[in-house]
1. If we keep just the residues of the range 126-147 that are open to solvent by 60 Å² or more (accessible area, probe 1.4 Å) and not in a loop (DSSP other than H, G, I, E, B), which is nearest to residue 165 (Cα to Cα)?
2. Can you name the residue in the range 184-196 that is closer than 18 Å to residue 118 by Cβ and of a type outside the set (Ser, Thr, Tyr) and is also most open to solvent (accessible area, probe 1.4 Å) among such residues?
3. When you look at residue 181, is it free of Cβ contacts under 8 Å to residues at least 60 places away in the same chain and either surrounded by 17 or more Cβ atoms within 10 Å (Cβ to Cβ) or in contact with a strand residue (DSSP E or B) (Cβ under 8 Å, 6 or more places away or on another chain) (or both), yes or no?
4. Could you check the range 148-166 and list, in sequence order, the residues that are of a type in the set (A, V, I, L, M) and either assigned to a loop (DSSP other than H, G, I, E, B) or open to solvent by 50 Å² or more (accessible area, probe 1.4 Å) (or both)?
5. Within the range 408-467, can you find the residues that are modelled with pLDDT of 95 or more and either at positive phi or not in a helix (DSSP H, G or I) (or both)?
6. Is there a residue being surrounded by fewer than 19 Cβ atoms within 10 Å (Cβ to Cβ), among the charged types (D, E, K, R) and part of a loop (DSSP other than H, G, I, E, B) anywhere in the range 198-213?
Amino acid sequence: MNRKQDLLIDRRGAMGLIAGAGLATLGGCGLPATRPPVKGGRIRVATAVSSTADTLDPAKQAVAIDYCRCASFYNGLTRLNARSEAEPALAEAMETKDARVWIVKLRRDVRFHDGSPLTPADVVYSLRRHADPAVASQGRAFANQFEDVSAFGPDAVRITLGSANADLPVLLAIPSFLIIRDGTRDFRTANGTGPFRCAEFNPGVRSIGVRNEDYWRGPVRLGEVELFSIADESARLNALMSGDVDLVNGINPRITKQVVRQGYEIFESKGSGYTNLIMRLDSALGRNRDFVLGMKSLMDRETMRNAIFRGYARIANDHPVPPSSPYFDPGLPQRAFDPERARFHFRKAGLAGATVPIITSPAAEKSEDMAVLMQAAAARAGITLDTRRVPADGYWSSSWMKVPIGFGNVNSRPTVDTVFTQFFRSDAPWNESGWRNERFDRLLIEARGLTDQKLRKEIYSDMQRMIHEEAGIGIPLFLSSLDAHSPRVKGLKPMPNGGLMGFGFAEHVWLEDA
C-alpha cells in the first residue's frame, strides 16, 4: 500500500479519516457550533454500581460510574460520534502511509487542570503505561498493538504498531486511552484536560466535578456534576421521582411506562451490547458440539425481546456484530428457536433426560429471566435445566468464565475488531467460552490493516460465521441502554457506545432551570 492516507483537521474542525472510519466533524453529537450561554447548576446522577474499587485511573475503568467520572475529567486523542466514527479531541491531526506508522499532531491550546501544557511526553506516558502488567490496564489487549510510542518533535507523537490497523483513530477513543499527565501515579485526585475539575473523590461514596472554566473547547453549561451509586433498582428510581437525583441509568424495561406516566423521560441508546449464554468448551458438556448446538436452539429470541426487554432490543444471531454495522453479514441464516432440533442434538449427545445446571446472576442483565424461558423450552427438548442464581457481588470474579454454563454481559464496543480482539481471539483474556481457532486469529490481523472495505467485509463475514457455528456463545439480542431523567435535563442524544451518551453526558447536557 503506497497511497498516503491522512486523518486531518482543517480550521473549521473537519476530520477526514482514512477509509473504513468515514468522515467525522465536530458537529453531530459534539458541542453545537454556536455555544449557548453558560448557565450552571449541579446535576446529580445515580448509577447502578459503585464500590471501594472506584477509580480515577483511566486504565482501570470497569463500570459505568468510572467511565462517567473519567470522561468528565480527561480527554482522549480522539472521541467517538453517534456513528462510532473518530472525531478530533487532543489530536489535531493523524497521518499514515501504511496504517502501521502514525504521526499524531497535538493541539497547542490545551492545559491540564494544574496549568501544565499538554506535551508529547504526556501522550507517550499515557499510552506506554498500559503495557506494564502492574498497571492492570483494561486496555492492555489493545495497547499490545503498540510496538513503539515516542515523541516526534515538540507537538507530535509517533505511534508504531506491530501490524497495520486502519482503525487506530477509533481505537484511541476507547476509555482506557484517556490522556493523563506525564509521570502520574497518584490517582487520589484527577489532573486531566477535561471539562470538569475533580473537587471530591470518595471511592464507593461519591465524586464531584466542578466546571473547568479554562477548558480548551470552552466552558460547558453545567456548573457541577455529582456522581454516586444506588444499587437497588427501586431505590434508584424512587430517588429520581422524589427529586433527589436528576438522571439514573440501568432502568428495567418493564417499568418504562410507569416512569413516563409519572412525568419523567426515558432515554434509549441502541448499541451492540448483549447478555450472552456461555458454554465453556473446556468442560465435559461444552466439548460435545451437539450439546452446544442444542442449547443455542433453546433461545426464543422474539419472546425474550418482547416479554423481557419490552421491545428495547434487536434480534442477534449468536455473533457480536449488530445489524447496524456496515460489516454485518445478512446472508448468514438466522438461528431459529427450535426445541425439536434441540431434542435431536441432545439425544445425539447422549443427554436425553439429563439435568444440566446453569448459573444466573443479576450481574448479567436479565440472565435470570432468559434462563427461565430456556428452562421451559428445555423441558420440551427432553432435558432439565437446573437454574442456580448467585449474587451479583463477586459474580465476575467467582463465576463468570469459570462455571461450565453461565451468562456474560458485554457492553457496546466501537468496532468489530475491538469485540473480536477482546472476546474471541484465542488468547484473549475475556475469551468467554475458551474457543480457539488459529484461522480466526490470522484473519483478525489481516482485516485490521485493510482499507479495502469490500475485502474487509468479506473477511468479517467469514469470522461471524465461524463464531456462529463454532464458539460456545449464544447471543440472542443486542440490548438498548435505558436511562431515566427529569424533564429539566436537556441535551441528551443517543450514542452507540453506551448509555448516558456513551458515559460522556456531562460535557453535553444542561439543566433547564439552572
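1. Within the range 126-147, the match that is nearest to residue 165 (Cα to Cα) is 147.
2. My answer is 191.
3. Numbers: free of Cβ contacts under 8 Å to residues at least 60 places away in the same chain: no; either surrounded by 17 or more Cβ atoms within 10 Å (Cβ to Cβ) or in contact with a strand residue (DSSP E or B) (Cβ under 8 Å, 6 or more places away or on another chain) (or both): yes.
It is false that residue 181 is free of Cβ contacts under 8 Å to residues at least 60 places away in the same chain and either surrounded by 17 or more Cβ atoms within 10 Å (Cβ to Cβ) or in contact with a strand residue (DSSP E or B) (Cβ under 8 Å, 6 or more places away or on another chain) (or both).
4. Looking only at the range 148-166, we keep the residues that are of a type in the set (A, V, I, L, M), and these are 149, 151, 156-157, 159, 161, 164, 166.
Once the filter is applied, which keeps residues that are of a type in the set (A, V, I, L, M) and either assigned to a loop (DSSP other than H, G, I, E, B) or open to solvent by 50 Å² or more (accessible area, probe 1.4 Å) (or both), the range 148-166 yields 151, 164, 166.
5. 408, 424, 425, 426, 431, 432, 433, 434, 435, 436, 437
6. yes
Every residue, every condition in (1) open to solvent by 10 Å² or more (accessible area, probe 1.4 Å); (2) within 17 Å of the chain's Cα centre (by Cα), yes or no:
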position: 49; (1), (2): yes, yes
position: 52; (1), (2): yes, no
position: 58; (1), (2): no, yes
position: 64; (1), (2): yes, yes
position: 70; (1), (2): no, yes
position: 77; (1), (2): no, no
position: 81; (1), (2): no, yes
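For every residue, the table says whether it meets (1) touching a residue at least 40 places away in the same chain (Cβ under 8 Å); (2) open to solvent by 40 Å² or more (accessible area, probe 1.4 Å); (3) under 27 Å from residue 277 (Cα atoms); (4) in contact with a strand residue (DSSP E or B) (Cβ under 8 Å, 6 or more places away or on another chain).
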position	(1), (2), (3), (4)
463	yes, no, yes, no
473	yes, no, yes, yes
483	yes, no, yes, yes
487	yes, yes, no, yes
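The values are calculated or read from the model by the stated rules, or taken from the named source; none is laboratory data. Computed from a predicted structure; not experimentally measured. Please note: Cβ atoms are built from the backbone with ideal geometry, for glycine as well, and neighbour counts cover all protein chains shown. Note: accessible area is taken over every heavy atom of the protein model, side chains too, but ligands, DNA and RNA are not part of it. Shrake-Rupley method; radii C 1.70, N 1.55, O 1.52, S 1.80 Å.
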